[in-house]
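Have a look at the structure below, then the notes.
A short reminder: the numbers here are calculations on the coordinates, not readings from a lab. Every value quoted in this text rests on a predicted model; they were computed, and no experiment measured them. Here the Cβ positions follow ideal geometry from the backbone for every residue, glycine too, while neighbour counts run over all protein chains shown.
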Amino acid sequence: MSAVDPTDAGGASAGPGPGPGAGPATGAGVGATSPGPPPGRRERHKRSTRQALEEAALVLFARDGFDATTVEAIAERAEVSPRTFFRYFAAKEEVLDMGWAERRERLARLVREAPADADDLAAAVSALQGIAIDFEAERHRVTLRAAAVATSSALRGRTTDTLTAWEITLARGLAARRGLGEPDEQAGVAAAVAVALWRWAIRQWAGTPGAGTPGTAGPAPDAPGGVPLRELLQRATGHLTDRPTDY
């Protein structure tokens with residue numbers, strides 16, 4: 001992929017991201033469950049340590065490049081030992097997964113719960129709108145992740161795997177909505193188009209290379225400041241659904 005999508009990229013996951021952006025997608029949204037009891041002191045400490053490691057890694061990846069950043073440097077910035085790092089992550093690549101499994105499950109649920117009268121493309125975009133809400137709450141992390149991915153061809157490949165997994169998830173969900181056991185051509189095309197729309201929208205929103213000046217972070221020159229990711233996704237969809245039909 002020539003430009004980076006800050007979608008969460010957890011192997012053939014993704015992700016987007018990136019969560020393109022983001023911890024586990026358990027925020028507000030369709031199908032969210034009631035919160036359980038508050039975590040105890042030990043669990044809060046574990047969460048705090050994990051977040052510190054993720055933040056340290058993302059900053060260093062974005063600043064120094066993924067390949068040049070060592071586990072020791074991440075641990076030092078987070079003020080823990082390398083041994084502690086490996087209690088939370090098997091390798092530094094895992095820091096960038098950022099809840100891909102949970103997000104993919106959320107995407108599957110959102111497409112199932114899309115409006116019953118929506119066609120396949122509308123249902124797929126509706127599901128991605130729910131994911132956009134999650135990303136909007138974590139823009140700082142999504143942007144750091146995008147900058148990190150831009151430094152490594154291997155990570156860009158993981159992002160491609162992520163978006164392929166999203167596309168498969170959407171196609172299966174669209175097929176199930178119409179009572180099909182497997183995606184047909186209509187579901188496959190709609191899922192592919194929806195993911196392409198997502199890629200354009202998140203590049204504009206997160207300011208990834210390919211949206212603005214190559215190799216830089218920051219919003220694209222023509223991206224209005226402060227425009228929500230959801231609105232950019234709607235705008236992209238409108239260019240297709242509002243197109244002239246006489247050609």
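Among the GluC sites (Glu not before Pro) within region 67-136, those in coil by DSSP and having at most 15 neighbouring Cβ atoms inside 10 Å are E79.
Given their separation in residues at 0.36 nm each and the Cα-Cα distance between them, D117 and A154 gain 9.3 nm when the chain is fully extended. Just flag the trypsin sites (Lys or Arg not before Pro) in region 133-198 sitting in loop per DSSP whose Cβ has no more than 15 other Cβ atoms within 10 Å. Passing both the DSSP loop test and the Cβ count: R178. The slack in the chain from E185 to H239, taken as 0.36 nm per residue of separation less the alpha-carbon distance, amounts to 17.2 nm.
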